[in-house]
Amino acid sequence: MNSLSIKEILALNPVGQDVVVNGWVKTFRSNRFIALNDGSTIQNIQCVVDFESFDDALLKQINTGAALKLTGTLVESLGKGQNVEIQVSDIFVHGAADPETYPIQPKKHSLEFLREKAHLRVRTNTFAAVMRVRSALAFAIHQYFTQNGFYYFHAPIITGSDAEGAGEMFKVTTLDGKNPPLNEDGSIDYKEDFFGKETNLTVSGQLEAEAYAMALGKVYTFGPTFRAENSNTSRHLAEFWMIEPEMAFYDLDANMDLAEDFIKNVIRYVLDNCQEDLAFLEKRLLDEEKTKPQIERSEMPLIEKLKFIVENNFKRLTYTEAIEILRNCKPNKKKKFQYVIDDWGADLQSEHERYLVEKHFKCPVILFDYPAKIKAFYMRLNEDGKTVRAMDILFPGIGEIVGGSQREERLDVLKEKMAALNIPEEELWWYLDLRKFGTAVHSGFGLGFERLVLFATGMGNIRDVIPFPRTPQNAEF
Ligand code: 4AD
Ligand code: MG
């Protein structure tokens, strides 16, 4: 007899038939009721054991966390909480779990405690639900782009260029750290290194994606990116996944339209396909909120919040308009912001972004036309000579979720920008080539995948929406 997943059993409902299920014990009550889960759904299946028919030694092995294969008949359940249950006729213990040492017991564990047990935390309902939603979002992203004429492009992970110019890169080297080959001036001689030059883990696949957009038209990356920024926040990871579409012949307006449509579409996908997990996560959040002071509680339950995003237009305004709002807002005047906004040109901090989204507009916001000075070198300069065609999408509870721009396609302007920022032309000769041969208006953006998962699941810390988080001082597992 082939085994069925719990999801299949609950969908097919083959009452009266014999079934085989494999899974892990969530709870074992009264030496009689096993709640079994196999990850296929958040629902457990109740399996009823007649303890007189089995050995004590065998029953002793049925503890929370044990892996079992159960054979039995699916029957209608008379008990509360489930429609069907399995009347168990045979038990095979794949592997027991010692109740003295197995850390994931059927009680509430703190998220901090579970972070220390990242290899086991997915056995909790919360993490299993988050990871199923994460997987569904990834699928929805590939589906969206494929259906909209994009090609999936694999950007290199090891690169020689610093796309964002922020210098927050992890070095990749095979040189001996204790005794590296040196140049005459005492600096490290990277010509001796594996690649014959300095290389890093990529912070973004954008520059390479631009090369591909200039032939395939519309491409997107979806891969890991790395940033050695020492920000220990609930929104930053040192290794995170980014989705970066890049489109030839798109200006900034078309770019913003795409980004908004894309986000709405993938959120709609999880609303349609992850109902049970979202319902569970919504309840988890409501329980958690009850323990918080009133002012910190979010205004909408999770599912309503996701529907709100799908059904409403994002508010679009320029950086300059945003600065006016911020300069004149109460928290700024009362110096409640950590960084008070005085002048045009100030970089926006997450407190400002969240004020705009959560307090002022109460909806997602797209800010565009930022000062050139606070944005990357590749963004297209506006006629005013001081702003660039940048756009950031700001989300409630998250802050920046997307950063993108129309790219500078004019060779002379790009060269001037690079010179001003001391970016050597030799380093990006190939990027400049794209402006020499068949250059065209083009645009793209980057969506931080974990920030999207954070939003979609209502979790509060980015460390809890990626399986094995990498953050400063933490690369266990
Ligand atoms: O705004 P960023 O730095 O933009 C780029 O990298 C561009 N090259 C994208 C492009 O135009 N193709 O990063 C894009 C997004 C941010 O909006 C944020 O959601 C996410 O990536 N992000 C991070 N997520 C988690 N941890 C970090 N340390 C992140 N840094 C950026
Ligand atoms: Mg950004």
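Computed values, structure above
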{"item": "Among the listed pairs Lys7/Lys264; Lys386/Lys417; Lys386/Lys415; Lys26/Lys69, those beyond 18 Å (Cα-Cα)", "result": "Lys7/Lys264"}
{"item": "Whole-percent carbon and sulfur share, accessible surface of the chain, 1.4 Å", "result": "50"}
{"item": "For the range 237-286 and the range 356-383, distance of Cα centres in Å", "result": "19"}
{"item": "Solvent exposure of the range 384-473 as accessible area per residue, Å², 1.4 Å probe", "result": "36"}
{"item": "Hz values of 3J(HN,Hα) by residue in the range 284-295 - Karplus curve (6.51, -1.76, 1.60), Gly and Pro given as x", "result": "4, 5, 4, 4, 5, 4, 4, 8, 9, x, 3, 5"}
{"item": "Amide proton proximity set for Thr318, modelled H, under 5 Å, gap of 5+", "result": "Phe368"}
{"item": "Cα-based Rg / Dmax (Å) for the range 237-381", "result": "17.9, 50"}
{"item": "Alpha carbon convex hull of the range 194-283, projected area averaged over orientations, nm²", "result": "9.5"}
{"item": "Accessible area in square angstrom per residue, the range 6-107, 1.4 angstrom probe", "result": "53"}
{"item": "Along principal axes, Cα extents of the range 338-392, largest first, whole Å", "result": "32, 23, 17"}
{"item": "Overall Cα dimensions of the range 236-311 - principal axes, largest extent first, Å", "result": "50, 31, 23"}
{"item": "Ranked packing of 74-82, 427-435, 178-186, 396-404, most packed first, by mean Cβ within 10 Å", "result": "396-404, 427-435, 74-82, 178-186"}
{"item": "Dipole magnitude of the chain, debye to nearest 20 (Cβ charges: Lys/Arg +1, Asp/Glu -1, about Cα centre)", "result": "1540"}
{"item": "Per-peptide average of other Cβ atoms within 10 Å, ordering 363-369, 102-108, 409-415, 211-217 highest first", "result": "363-369, 211-217, 409-415, 102-108"}
{"item": "Percentage of interatomic Cα-Cα distances in the range 6-107 larger than 19 Å", "result": "36"}
{"item": "D (Stokes-Einstein, µm²/s), Kirkwood Cα radius, the chain, 0.890 mPa s at 25 °C", "result": "96"}
{"item": "Debye equation applied to the C-alpha atoms of the range 401-477, log10 I(q)/I(0) at 0.20 Å⁻¹", "result": "-0.85"}
{"item": "On Cα atoms only, tilt of 252-273 relative to the major axis of the chain in degrees", "result": "0"}
{"item": "Amide H contacts of Val388 (H built 1.01 Å from N, under 5 Å, at least 5 apart or other chain)", "result": "Tyr370, Ala372, Asn382"}
{"item": "Table column - 3J(HN,Hα) (Hz), the range 209-222, Karplus curve with 6.51, -1.76, 1.60, x for Gly and Pro", "result": "5, 4, 4, 6, 5, 7, 9, 8, x, 10, 10, 8, 9, 8"}
{"item": "The range 43-80 versus the range 161-218: alpha-carbon centroid distance in Å", "result": "56"}
{"item": "Structure-based [θ]222 nm, the chain - -39500 (n - 2.57) summed over DSSP H runs of at least 4, per residue, nearest 500", "result": "-9000 deg cm²/dmol"}
{"item": "Ranked packing of 119-132, 282-295, most packed first, by mean Cβ within 10 Å", "result": "119-132, 282-295"}
{"item": "Under Karplus coefficients 6.51, -1.76 and 1.60, residue-wise ³J(HN,Hα) of the range 61-76 in Hz, glycine/proline x", "result": "7, 8, 10, 3, x, 6, 9, 10, 10, 10, 10, x, 10, 7, 10, 5"}
{"item": "The range 168-211, accessible area per residue, ligands and nucleic acids excluded (1.4 Å, Å²)", "result": "61"}
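The values are calculated or read from the model by the stated rules, or taken from the named source; none is laboratory data. Computed from a predicted structure; not experimentally measured. With ideal geometry, Cβ positions are generated from the backbone for all residues, glycine too; neighbour counts draw on all protein chains shown. Only protein heavy atoms, including side chains, enter the accessible area calculation; ligands, DNA and RNA are left aside. Shrake-Rupley method; radii C 1.70, N 1.55, O 1.52, S 1.80 Å.
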